[in-house]
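Down below is the structure, laid out as structure tokens.
Coordinate-derived values only; no laboratory data. It should be emphasised that the depicted structure is a prediction, and the values quoted were computed from it without experimental measurement. Positions of Cβ are generated from backbone atoms using ideal geometry, with glycine treated the same way; all protein chains shown enter the neighbour counts.
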Amino acid sequence: MMPPWTSEKVVLQPYDPRWIDRARTENDRVEELLEPWLVDGVQHIGSTAVVGLIAKPIIDLIASVRDLSNISLVASGRLTAEGWTYVDPEFDAQPWRRFFIKTDTSGRHRQSHLHIVQAGGSKWVEMISFRDALRHDHVLARRYEDLKVRLAEQHKYDRKAYTMAKTEFVMAALRALPADRQMKSSRA
């Protein structure tokens, strides 16, 4: 049986300054829970990490760990006790991460995502570099926002298609970054 959050439609909201506080609270708690395994800490990524950007109201966090192979086993108990749900690879075909979500009390609406990745891997660098590019380049951020609005309408009931349709834009933005801007990982 599919969890109810798997059929949640794509809904974008205007920027909400409370997202930063929510992210800071989640970030601090996840750092405490994963401290024995963390390498580069936990960072707030995604559109909710970019002031002024329209977004799905879901806080995305990324954490890098020494050994991704067994993190779902060793960390699940700690994370589950805090309301996180491990997303089985059946529902998340992304081998580069271990994925956890936190929903509202109904279990139907996602509130937070936790992407746990291998330290030193390309996804850590890509996700943080893209966030930082959006924070520093307001023209890029507006172009991304326009794309997201169009895609949210086209793929309202297909979150996977919505996400996949943004991939080329993200990769092009990363390729266009000067080398010195590839990894300014300011915490947020």
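Counting other Cβ atoms within 10 Å, which GluC sites (Glu not before Pro) in the range 14-98 have at most 10 and lie in a DSSP loop? Display every interim value, and only then the final one.
Details: sites: E26, E31, E32, E82, E90; in loops: E82, E90.
Taking the range 14-98 and a limit of 10 other Cβ atoms within 10 Å, the loop GluC sites (Glu not before Pro) found are E90.
Q154 to V11: extension gain in nm, 0.36 nm per residue of separation minus the Cα-Cα distance? Can you show the working numbers first?
Values: separation 143, 0.36 × 143 = 51.48 nm, distance 1.16 nm.
Length difference between fully extended and current span is 50.3 nm.
On each of the three principal axes of the Cα atoms of the range 4-176, give max minus min coordinate, whole Å, ordered largest first.
Over the range 4-176, Cα extents along the principal axes are 41, 36, 30 Å.
Mind checking the dipole of the chain: about its Cα centre, +1 per Lys or Arg Cβ, -1 per Asp or Glu Cβ, Debye to the nearest 20? Mind dumping the intermediate values first?
Working: 28 positive and 25 negative charges, 88 e Å.
Rounded to the nearest 20 debye, it is 420 debye.
Taking the Cβ-Cβ separation of E35 and R142 as r and a Förster radius of 35 Å, what is the calculated FRET efficiency to the nearest 0.05?
Details: r = 38 Å, r/R0 = 1.08.
Efficiency at R0 = 35 Å is approximately 0.40.
Please list the radius of gyration and Dmax for the range 76-188, considering alpha-carbon atoms only, with Å as the unit.
So, for the range 76-188, Rg and Dmax equal 15.7, 45 Å respectively.
Run the numbers on the chain and let me know its relative contact order in percent, using alpha-carbon pairs under 8 Å that are six or more apart. Mind showing how you got there, number by number?
Details: 293 pairs, mean separation 45.9, N = 188.
In percent, rounded to a whole number, it is 24.
Using Cα springs under 10 Å in a Gaussian network model of the chain, which residue among R108, R135, R98 shows the largest mean-square fluctuation?
R108
Give me the extension gain from M171 to S69: residue separation times 0.36 nm, minus the current Cα-Cα distance, reported in nm with one decimal. Provide the component values of the computation, followed by the final result.
Values: separation 102, 0.36 × 102 = 36.72 nm, distance 2.62 nm.
Roughly 34.1 nm would be gained on extension.
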